[in-house]
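Since the structure comes first, as structure tokens, the remarks are kept for the end.
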Amino acid sequence: MSWESNVRRVIPYVPGEQPKEKDIIKLNTNENPYPPADAVLDVIRNFDTEDLRKYPDPTVSGLRDALSDSYGVPADQIFVGVGSDDVLAMSFMTFFHGDKPILFPDITYSFYDVWANEFEIPFQCKPLREDFTIDPADYLGENGGIVIPNPNAPTGLEAPQEVLEQIVASNPNSVVIIDEAYVDFGGQSMLPLIEKYDNLLVVMTFSKSRSLAGSRIGFAMGSKKLIGYLNDVKYSFNSYTMDRMTMAIGCASLADHKYFLDCCQRIIDTREWTKRELSALGFSFPDSHTNFIFATHEKWQAKQLFEDLKAAGIYVRYFNKPRIDAYLRISIGTMEEMQRLIDFLKQYEQV
Ligand code: PMP
């Protein structure tokens with residue numbers, strides 16, 4: 001017997017690499033290549049450090065009000081966390097506390113099984129079809145909850161609204177979490193349905209479409225009841241999750257709606273250009289509605305290409321996992337960055 005027998009042992013999630021070098025092309029963690037809105041810089045320049053003496057507002061009311069205005073959802077139906085990872089972890093802890101297994105796709109965000117293991121939640125992975133689409137029938141049996149990213153990561157594919165609504169409507173006794181981390185790049189949000197289904201929680205983030213991965217802001221929207229339970233768990237864990245400056249940064253980002261829409265459109269346009277170039281080079285991929293493309297090549301080994309790209313200073317993501325080990329996930333950078341990727345691939349030969 002040692003103290004180690006009392007330790008909670010977990011196999012942690014492995015985030016994408018954050019290399020120190022500055023002169024690389026970083027297409028490995030789905031960050032936004034453009035800076036945050038100018039108003040964010042003003043917040044940081046003018047921030048009164050005297051305020052840091054005091055604890056932040058535990059209810060994050062300023063940012064919740066700003067989100068309420070932006071999304072047309074009452075503030076008491078909004079929960080804010082330190083990135084959507086924090087929101088999702090809290091949601092797993094709060095809503096997935098039964099004996100039945102929770103369900104999620106076999107190819108999906110690789111944090112879900114980590115949280116399930118950490119919180120000792122039984123889970124079942126439902127295999128996506130060969131073409132990476134969801135079979136709604138997989139989610140109609142008994143379960144302890146459901147989590148589905150839409151669009152999915154790392155495939156980039158968006159499931160039709162009817163499919164997801166069928167899953168939500170058929171599971172009134174489970175909470176269904178739709179993780180919309182990538183929805184702003186041309187996807188359709190389930191948000192309008194939170195009024196119809198009190199078991200639907202929609203989770204979003206400022207990390208991708210608002211260029212604020214470094215600030216850590218995520219949020220969930222759902223029925224008043226869902227948000228109430230989520231708050232109870234949060235306040236039983238850490239009341240002050242979000243710091244003062246981050247709250248102000250979030251509000252500033254929401255205030256510049258035009259910049260947000262412009263950035264998303266630039267990324268969509270670059271993505272569509274990259275799709276055409278990759279196809280011409282012998283790649284195929286599910287039709288991405290995100291800020292990344294999940295591509296496989298007719299001849300080249302993905303792992304080898306991943307390493308050769310890295311040696312050339314171009315970082316993409318490779319998952320050494322069943323069903324997806326022939327793919328690379330390539331985030332959409334600036335047009336110049338994508339051009340350099342394509343130039344590299346045009347002269348690439350695999351030995
Ligand atoms: N959900 C999905 C599907 C993601 O890919 C990510 C990014 N790793 C997240 C949630 C978490 O993003 P963040 O914590 O930065 O909001």
Please work out the FRET efficiency for the pair Ala326 and Phe237, using the Cβ-Cβ distance as r and a Förster radius of 45 Å; give the result to the nearest 0.05.
0.65
How high is the FRET efficiency between Lys310 and Arg45 when r is their beta carbon distance and R₀ equals 35 Å, given to the nearest 0.05?
0.45
Whole number in Å², please: accessible area per residue of the chain, 1.4 Å probe, ligands, DNA and RNA not counted.
47
Before rounding to the nearest 500, sum -39500 (n - 2.57) across all DSSP H runs of length at least 4 in the chain and divide by the residue total; then give [θ] at 222 nm in deg cm²/dmol.
-10500 deg cm²/dmol
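Does region 38-255 classify as rounded, prolate or oblate by the C-alpha gyration tensor (a ≥ b ≥ c root eigenvalues; a/c under 1.5 gives rounded; else a/b over b/c gives prolate, otherwise oblate)?
Details: a/c = 1.96, a/b = 1.65, b/c = 1.18.
Prolate shape, in that a/c is at least 1.5 and a/b is the bigger ratio.
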Is the shape of region 183-333 rounded, prolate or oblate, going by the alpha carbon gyration tensor and its root eigenvalues a ≥ b ≥ c, with a/c under 1.5 for rounded and a/b larger than b/c for prolate?
prolate
Over region 38-255, with every protein chain in place, what whole percent of the accessible area is carbon and sulfur at 1.4 Å, could you tell me?
49
Let me check I've understood the local charge: for Met245, count other residues with C-beta under 13 angstrom from its C-beta, Lys and Arg +1, Asp and Glu -1. What total comes out?
-2
Loop-located chymotrypsin sites (Phe, Trp or Tyr not before Pro) in region 39-118 whose Cβ has at most 16 other Cβ within 10 Å (DSSP):
Phe47
Between Lys224 and Asp135, what is the label-to-label distance in nm when each label sits 7 Å out along the Cα-to-Cβ direction?
4.1
Region 266-345 - charge dipole about Cα centre, Lys and Arg +1 at Cβ, Asp and Glu -1, debye rounded to 20:
300
Under a GNM of the chain (C-alpha, springs under 10 Å), which listed residue has the highest mean-square fluctuation: Asp23, Asp135, Asp99?
Asp23
Projected onto the charge dipole of the chain (+1 at Lys/Arg Cβ, -1 at Asp/Glu Cβ, origin at the Cα centre), which of Ala213, Ala312, Met338 gives the Cα projection farthest towards the positive end?
Ala312
Unit charges on C-beta of K, R, D, E only; dipole of region 38-255, Debye
440
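The values are calculated or read from the model by the stated rules, or taken from the named source; none is laboratory data. Predicted model, so just to flag it, every value in this text is computed and none were measured. Quick reminder, even Gly has a Cβ in these numbers, built from the backbone with ideal geometry, and neighbours come from all protein chains shown. Just so you know, the surface numbers come from the protein's heavy atoms only, side chains and all, with ligands and any DNA or RNA stripped out. Shrake-Rupley method; radii C 1.70, N 1.55, O 1.52, S 1.80 Å.
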